[in-house]
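Below: the structure, in structure tokens.
The values are calculated or read from the model by the stated rules, or taken from the named source; none is laboratory data. Just so we're clear, the structure is a prediction, and the values are computed from it rather than from any experiment. Cβ placement follows ideal geometry from the backbone for every residue including glycine, while neighbour counts extend to all protein chains displayed. In case anyone asks, the SASA skips ligands and DNA or RNA and just uses the protein heavy atoms, side chains included. Shrake-Rupley method; radii C 1.70, N 1.55, O 1.52, S 1.80 Å.
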Amino acid sequence: MTPVTRRRLLAAASTMVATGLAGCEGNVEFGDNNSTATTQPPPHTITEPVGDATVLPSLGVPLLTDAYTITVRATQTLDGQELDELVITFPETFSLSRSLTYDDVAVRVGGPGSPTRQANINDVRVGSDGTTLTLSPGSSVTLTATDTIVVEFRGVSAPVRTGEYLVGVEVNGAVSDSGAVTIASDFTPRESTFETTTEGWTVVGDVQDGSVFPDRKSGDGDTGSYLSAEDDTTGDVWYWVAPRSFRGSKSPYIGGTLSFSLRQSTTEDQFDAADVVLASDEQVLYHDFGDETAHPGTDWTRYEVPLTPDAWLQETEAGGVSDVPDDGRLDRSEPADRETFESVLGSVETLHIRGEYVDGSDVGDIDSVALTPGPGDEEPTETGS
């Protein structure tokens, strides 16, 4: 194949707009819980490179949440070529998750006079330095000179500091100019209020007679509707499991808060365990409310957990997501250091909130969960040991 020539990368801002081009649906459902694409932008947006006046249109609504979106225009040189390979290269201050799968990437192609078609990806490779993502389609997609290539992907740990960073894209071996990745400080809080759906929240442990799906109830929540689950009393500790919108790269939320409301059916026979678990694929962090006087009451109790190292413990025998405890243990932990804390927040694979506090049968409820961003462009304060 003749290498294509150098061309300009146009990177459009990813705005999660819930309307599309003619022929594209205005809303899209994905995942096991019928979550929908929202109008919230992801924390990190790809902006137009300096010197280019045109921002390319999207091909309908995004297929992924919490994802980077890069838009590249095909040139005359690519006309008639099969889309064989896409390579995205980030600077050293970024880190791609080694656990990226086909569910974390989406590629679409379309343009004036040609229909939008999705390229099925059959090979996802992360470079040894964690800064290069290579995607190879498994289906045949022929490019035209007027096509736009839209790449969505997630699982990127970004720098904590705000500012502009450069990213490069290659299509079929072509070297593009670099586009600017802007890490902004005005991030929209992530929030679940459960007013109409469970919003992708599930449960794990000895709960709901083995089902992962909680019950959604109306009228008696902290702010309205809420989720509820019943303990199976088989010995493990059960937890609320956050959906993908609360996971992924959460570096901009360092210095912010994780807040939620909890309620339990009884305050008898309380026991201690990790109250919140945050994990990447390599490290596990715990937050502990304290003794049983800090446990939820039979009325709604509001919690605001600081997203700072001094509020968390780290697992001393790191095992990542595979080592998230089913017994809520706290006996192998030490105060979190800043490096570990920032690493986990940069690539959150698991967020669990404890639902069980009684040594016996009980019911746990949750409502109004929110991730609030931190100060963004302020230097983090050293709070870990």
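The table below gives the values:
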read-out	value
Test: residue in region 216-233 that is farther than 22 Å from Ala294 by Cα, under 21 Å from the mean Cα position of the chain (by Cα) and not aromatic (Phe, Trp, Tyr)	no
Leu100, sole failed condition from (1) over 27 Å from Leu345 (Cα atoms); (2) open to solvent by less than 30 Å² (accessible area, probe 1.4 Å); (3) in a loop (DSSP other than H, G, I, E, B); (4) not hydroxyl-bearing (Ser, Thr, Tyr)	(1)
Test set (1) open to solvent by less than 20 Å² (accessible area, probe 1.4 Å); (2) assigned to a strand (DSSP E or B); (3) modelled with pLDDT under 90 - Gly376 fails condition number	(2)
Among the candidates Val241, Val284, Val237, residue that is of a type in the set (Val, Ile, Thr), open to solvent by less than 50 Å² (accessible area, probe 1.4 Å) and farther than 18 Å from Ile366 by Cα	Val284
Only one of Glu191, Glu195 that is open to solvent by 70 Å² or more (accessible area, probe 1.4 Å) and under 21 Å from Asp299 (Cβ atoms)	Glu195
Close pairs from region 195-224: first part of a helix (DSSP H, G or I), partner open to solvent by less than 70 Å² (accessible area, probe 1.4 Å), Cβ under 8 Å, at least 6 apart	Gln208/Pro214; Gln208/Ala229; Gln208/Asp232; Asp209/Asp232; Gly210/Asp232
Condition broken by Thr116, with the remaining ones in (1) outside any loop (DSSP other than H, G, I, E, B); (2) surrounded by fewer than 15 Cβ atoms within 10 Å (Cβ to Cβ); (3) not aliphatic (A, V, I, L, M) satisfied	(2)
Residue in region 242-274 that is modelled with the lowest pLDDT, counting only those that are among the hydroxyl-bearing types (Ser, Thr, Tyr) and in contact with a helix residue (DSSP H, G or I) (Cβ under 7 Å, 6 or more places away or on another chain)	Ser249
Residue within region 233-241 that is of a type in the set (Asp, Glu) and at pLDDT 90 or above present	no
Residue satisfying all of: in region 67-84; modelled with pLDDT under 85, assigned to a loop (DSSP other than H, G, I, E, B) and closer than 15 Å to Glu170 by Cβ; most open to solvent (accessible area, probe 1.4 Å) among these	Thr75
Residue check for Asp327: in a loop (DSSP other than H, G, I, E, B), at pLDDT 95 or above and surrounded by fewer than 19 Cβ atoms within 10 Å (Cβ to Cβ)	no
